[in-house]
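The structure appears below as C-alpha cells.
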Amino acid sequence: MAKSIIPGGSEPPGTFSVSSGVRPGSTRGHDTDDTDETADSGLETRVDGGHSAAPAIPGLPGLDAAGRPMPVFPDPPPLDRHGPAWVLAMCNQKGGVGKTTSTINLGAALAEWGRRVLLVDFDPQGALSVGLGVNPHDLDRTIYNVLIEQGVAVDDVLLKTNTPGMDLLPSNIDLSAAEIQLVNEVAREHVLARALAPVLPDYDIVLIDCQPSLGLLTLNALTAAQGVIIPLECEFFALRGVALLMQTVDKVKLRLNPQLQVEGILATMFDPRTLHSREVLARVVEAFSDKVFHTVIGRTVRFPETTVVGEPITTYAPSSVGARAYRELAKEVLAR
Ligand code: ADP
Ligand code: MG
C-alpha cells in the first residue's frame with residue numbers, strides 16, 4: 001500500500017476531489033492573477049483585446065503556436081477499469097529543459113482526467129520528489145533499493161501524492177550509486193522494467209523522469225518504456241543533442257526494446273513575444289514535423305513557484321495558463 005507524503009499523514013490525500021471540482025489551489029489565492037501571468041509570459045489573447053483569459057496554447061485562433069492547424073482534442077473518456085499502464089520516459093540529456101516540470105504537471109493533468117498515474121523519479125537529484133513536496137534526504141528507501149536489493153518491491157517504496165490518483169516512486173542521491181552497481185548485473189538495462197512490471201496493472205500511465213544523461217539509468221528508462229516524450233526548451237541550443245538522443249532511442253529499439261517509439265517532442269518555455277522563441281519552434285517543427293506536439297508550454301514564473309510549494313501547477317494555480325496548457329497536453333497525449 002502506498003504511504004502518504006502528507007506530513008505525518010496516514011490519511012488518504014482525498015480531502016478534495018477532482019470530480020467535485022474543488023481543488024486546493026482554488027482556495028489559496030494563487031489563481032486570481034492570470035493577467036499578471038499573461039504579462040509575464042506574453043501569452044496575450046488577441047481575440048478581444050485582452051479581456052478574456054489568455055489562451056493556454058499561444059497561436060492565432062485555430063492555429064497552434066507554430067502556425068499549424070490546431071486539432072480539437074477530445075476530452076478523455078472516463079475509464080471503468082484501469083491498467084495495464086502505458087509507460088512513457090520523459091527524456092533529454094540536456095538539463096533544465098522542463099523534464100521534471102512536465103512529468104509532474106502532465107501526470108497531475110492525466111490524474112485529473114481520471115487516469116491512475118505513477119511518476120518515477122529516475123534522477124539522483126530527486127527534483128521530481130522535491131517538486132511534489134518530498135524531502136529526498138528523509139527517505140529510508142527509494143527506487144534505488146528497488147533496483148539493487150533483493151526483496152524490496154515498488155509497493156514498499158511508493159508514496160501517495162496530494163493529487164488523487166497519482167503516486168510517486170521517489171529517489172535521492174543514492175540512485176547515483178546504482179549507475180555503477182548495475183554495470184555488472186546480468187541484463188543490466190532491464191532492471192527498471194523488471195521492477196515496474198508487477199505494478200503496471202494498477203496504473204494507466206507511468207511517467208519516468210530521466211536524469212540529464214544518456215547513461216545506464218536512462219537506458220533502463222528507455223528499456224522500460226513504450227514511448228519517449230522529449231521536452232525541448234525553445235532556446236538557441238535546443239536542437240543540439242537531439243540527434244544523439246534519437247540515435248540512442250533507435251539503438252534501444254533495435255537491441256533492447258522493439259516497442260519503443262518517440263511519442264512526441266514538447267516545446268517548453270516558449271515565449272511568443274520573442275522572435276527567437278518563434279524561430280526555434282519553427283526549426284523544431286521543420287526538423288520533426290508531426291512528432292512535435294501541437295501543445296506548447298509557455299514560459300512563466302508560475303513553474304519555479306510550484307517547486308517551492310511542492311505541488312503541481314494544476315492545483316497550485318488551477319486556472320493559470322500553465323495548468324491549462326498541461327491539461328491540453330494530457331488530452332493530446334491520450335489522443336495519440
Ligand atoms: P529538467 O528536469 O529538464 O532539468 P526542470 O523541469 O527542472 O528541467 O526545469 C528547469 C527549471 O526551469 C526549473 O527551475 C523549472 O521551474 C523551470 N521551468 C520549467 N518549465 C518552465 C516554464 N514553462 N516556464 C518557466 N520556467 C520553467
Ligand atoms: Mg529534472
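The values are calculated or read from the model by the stated rules, or taken from the named source; none is laboratory data. Predicted model, so just to flag it, every value in this text is computed and none were measured. Note: ideal-geometry Cβ built from the backbone for every residue, glycine included; neighbour counts use all protein chains shown. The area values use the complete protein model at the heavy-atom level, side chains included, leaving out ligands, DNA and RNA. Shrake-Rupley method; radii C 1.70, N 1.55, O 1.52, S 1.80 Å.
Restricting attention to helices (runs of 4 or more DSSP H) lying wholly within the stretch 46-158, give those where 3 or more residues are surrounded by 14 or more Cβ atoms within 10 Å (Cβ to Cβ) and in contact (Cβ under 8 Å) with a residue 24 or more places away in the chain.
Result: 99-112, 127-131, 143-148.
Taking the criterion of being touching a helix residue (DSSP H, G or I) at 6+ places or on another chain (Cβ under 7 Å), of a type in the set (A, V, I, L, M), within 27 Å of GLU328 (Cβ to Cβ) and away from ligand 2 (no atom under 16 Å from the Cβ), would at least one residue in the stretch 142-153 satisfy it?
As a first pass, look at the stretch 142-153 and keep what is touching a helix residue (DSSP H, G or I) at 6+ places or on another chain (Cβ under 7 Å): 142-148, 152-153.
Among the residues that remain, those that are also of a type in the set (A, V, I, L, M) are: 143, 146-148, 152-153.
Applying the additional criterion that residues be within 27 Å of GLU328 (Cβ to Cβ) yields none.
Within the stretch 142-153 (the criterion being touching a helix residue (DSSP H, G or I) at 6+ places or on another chain (Cβ under 7 Å), of a type in the set (A, V, I, L, M), within 27 Å of GLU328 (Cβ to Cβ) and away from ligand 2 (no atom under 16 Å from the Cβ)), the answer is no, since none of the residues qualifies.
How many of the residues making up the stretch 166-180 are open to solvent by less than 40 Å² (accessible area, probe 1.4 Å) and either out of contact with any Pro (no Cβ under 9 Å at 6 or more places or on another chain) or farther than 22 Å from THR218 by Cβ (or both)?
Of the residues in that region, 4 qualify.
Determine, yes or no, whether GLY95 is modelled with pLDDT of 95 or more, closer than 30 Å to LEU219 by Cβ and among the small types (Gly, Ala, Ser).
Against the criterion (modelled with pLDDT of 95 or more, closer than 30 Å to LEU219 by Cβ and among the small types (Gly, Ala, Ser)), GLY95 qualifies.
Could you look through the stretch 198-225, keep only residues that are in contact (Cβ under 8 Å) with a residue 60 or more places away in the chain, open to solvent by 10 Å² or more (accessible area, probe 1.4 Å) and under 15 Å from ASP250 (Cα atoms), and pick out the one that is farthest from ligand 2 (Cβ to nearest atom)?
ALA224
Among the residues of the stretch 304-320, how many are surrounded by fewer than 23 Cβ atoms within 10 Å (Cβ to Cβ), among the hydrophobic types (A, V, I, L, M, F, W, C) and within 16 Å of ligand 2 (Cβ to nearest atom)?
1
Take the residues in the stretch 77-92 that are in contact with a Pro (Cβ under 8 Å, 6 or more places away or on another chain) and under 15 Å from THR268 (Cα atoms); name whichever of them is farthest from ligand 1 (Cβ to nearest atom).
Here the answer is MET90.
Can you tell me which residues in the stretch 249-284 are open to solvent by 100 Å² or more (accessible area, probe 1.4 Å), in contact (Cβ under 8 Å) with a residue 12 or more places away in the chain, more than 13 Å from ALA66 (Cβ to Cβ) and away from ligand 1 (no atom under 16 Å from the Cβ)?
The one that is open to solvent by 100 Å² or more (accessible area, probe 1.4 Å), in contact (Cβ under 8 Å) with a residue 12 or more places away in the chain, more than 13 Å from ALA66 (Cβ to Cβ) and away from ligand 1 (no atom under 16 Å from the Cβ): GLN259.
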